[in-house]
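Before any comments, here is the structure.
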Amino acid sequence: MKFFIDTANLEQIKEAQALGVLDGVTTNPSLMAKEGITGADNILKHYVAICNIVDGDVSAEVIATDFEGMVKQGEELAALHPQIVVKLPMISDGIKACKYFFDKEIRTNVTLVFSAGQALLAAKAGATYVSPFIGRLDDISTDGLKLIEEIRLIYDNYGYETQILAASVRHVMHIMNCAQIGADVITAPLSAIEGLLKHPLTDSGLATFLADYNKGNK
Ligand code: E4P
């Protein structure tokens, strides 16, 4: 399973990269705004800065909602760096743009996916990644993980190569459940990734080992 970090914060991206388990980054306009990155030029420069930190794929989202606008912005984003994946919203023109980019061999991530039908369309249009938002479904009392299961089944039934990128991941159990279901990728905040490290028996066991070593080496 690939691990992506879901942030535009360069320090957090560096920390995850230093851990040695990072396979990529996802961003969105809200995450950019949270870091105070505004204006088209600054946003483009920030994408390049992110690509220079990580080795893997970096999703960069178009702002246009019409086909021509998405194609123009997507081509501009893809030309920034070979690691860029063009992120397109799950709307009619987004699916048309996805097919356009598939034919041009430009990689895409179809975002804001909330149903298996949407995920099926994205796969048929040749999306490289599809991003079902599990946390936001949980927020409205709908089982986000069930959606990952449904998409896994459909993609396996037909051998679609589109990778399931579980997004809106909020905590460790989301990551573990996605791993059991067989999501190809999770994108999560640093806190959720680092949460995988933690176990009280690891901490107490290590403290005992060190104390015993010190007793024998006085
Ligand atoms: C995915 O690419 C999105 O950036 C993200 O996972 C959204 O998560 P949120 O629901 O925590 O905003």
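Points worth noting:
- Ratio of Rg to Rh over the chain (Cα coordinates, Kirkwood Rh, two decimals): 1.06
- Reach of K14 by Cα under 21 Å, taken over lysines that are not fewer than 8 positions away in the same chain: K2, K34, K45, K198
- Stokes-Einstein diffusion coefficient of the range 102-176, Kirkwood radius over Cα pairs, 10 °C, 1.306 mPa s, in µm²/s: 127
- Lysines with Cα under 18 Å of K104, excluding same-chain neighbours fewer than 8 positions away: K72, K87, K96, K124
- Value of [θ]222 nm, deg cm²/dmol, for the chain, DSSP H segments ≥ 4, -39500 (n - 2.57) each, nearest 500: -16500 deg cm²/dmol
- Averaging 1/r across all pairs of distinct Cα atoms in the range 174-218 and inverting the result yields a Kirkwood radius of 13.2 Å.
- Charged-residue dipole, Cβ positions (Lys, Arg, Asp, Glu), the range 1-142 about Cα centre, Debye nearest 20: 260
- Using all pairs of distinct alpha-carbon atoms, the Kirkwood hydrodynamic radius of the range 134-218 works out to 15.2 angstrom.
- Ranking L201, S168, V113 by how far each Cα lies toward the positive end of the dipole of the chain (charges on Cβ) leaves L201 at the top.
Only the coordinates and a few stated rules stand behind these numbers; no lab work does. Only a predicted model underlies this, so the values are computations on that prediction, with no experimental measurement involved. For neighbour counting, all protein chains shown are included, and Cβ atoms are generated from backbone atoms with ideal geometry for every residue, glycine included.
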